[in-house]
Amino acid sequence: MRQMSGASASASGSNNREERRRRKARSVSPLKDRSKASSSNISSSYSSKRNSSPSATLLDVDDALFHDYPTHNPNPNPNPRSFPHSVKQQCWEKAEKVKGRDPDRWRRDALGNTVFRKLLGCPGCLCHDYDHIVPYSKGGESTLENCQVLQATVNRAKGNRTEISKAELIQKSSYCRVSDRDMDLLELSAYGNVRRGPDSGGCRIQ
């Protein structure tokens with residue numbers, strides 16, 4: 001009897017210890033794991049929101065800055081620095097003609113220098129610019145009335161000065177002797193043909 005009672009007590013104690021371990025396991029793992037997971041989710045969610053907010057704002061700003069929205073300038077510059085193409089056309093047409101040459105290709109500038117239409121903005125003696133008579137920096141407008149064809153070398157020497165005289169500008173001119181044969185060769189090179197003016201009295205070379 002005593003042996004059976006001892007065995008029964010030992011089994012009962014073992015069962016009690018096993019039951020306590022099970023209860024402990026049940027009480028610890030589900031609740032703590034859930035609370036940890038919940039806390040971790042809340043923390044990561046808050047951290048994510050806190051960290052993502054500035055980035056989202058910057059992205060929004062970048063998108064606003066660099067998105068190709070159509071723009072409209074309500075106040076376009078009424079006086080651009082360069083002459084419009086139509087003004088240049090008319091400015092060329094009001095320059096003095098060169099006798100015997102096609103006026104669409106050859107003219108004389110305001111100082112009498114011969115210039116070739118295809119040579120624009122270069123330093124040669126036949127090169128020309130469209131010059132502001134009253135310099136743009138001094139309030140001169142980009143209009144036909146303020147435009148003149150001028151040898152490029154002279155225009156560089158003139159700059160934005162208004163007090164320089166015509167005699168001084170003539171001295172700044174780059175002179176070169178150009179024969180009709182030289183002009184013909186230039187036209188052949190630039191246009192592929194030679195065209196005489198209506199007052200030349202000569203034949204037309206193709």
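Brief remarks on what is shown
- Here V115 clears all of (1) under 22 Å from P84 (Cβ atoms); (2) β-branched (V, I, T); (3) in a loop (DSSP other than H, G, I, E, B) except the condition numbered (3).
Condition check ((1) modelled with pLDDT under 95; (2) of a type outside the set (V, I, T); (3) under 38 Å from the mean Cα position of the chain (by Cα)) across all residues:
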| site | (1), (2), (3) |
| --- | --- |
| R108 | no, yes, yes |
| T114 | no, no, yes |
| H128 | no, yes, yes |
| E145 | no, yes, yes |
| Q148 | no, yes, yes |
| V194 | no, no, no |
| C203 | yes, yes, no |
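- All of R107, R81, R101 fail the test of being touching a helix residue (DSSP H, G or I) at 6+ places or on another chain (Cβ under 9 Å) and open to solvent by 30 Å² or more (accessible area, probe 1.4 Å), apart from R81.
The values are calculated or read from the model by the stated rules, or taken from the named source; none is laboratory data. Just so we're clear, the structure is a prediction, and the values are computed from it rather than from any experiment. Here the Cβ is made from the backbone with ideal geometry for all residues, glycine too, and neighbour counts use every protein chain on show. Surface areas here come from the heavy atoms of the whole protein model, side chains and all, with no ligands, DNA or RNA. Shrake-Rupley method; radii C 1.70, N 1.55, O 1.52, S 1.80 Å.
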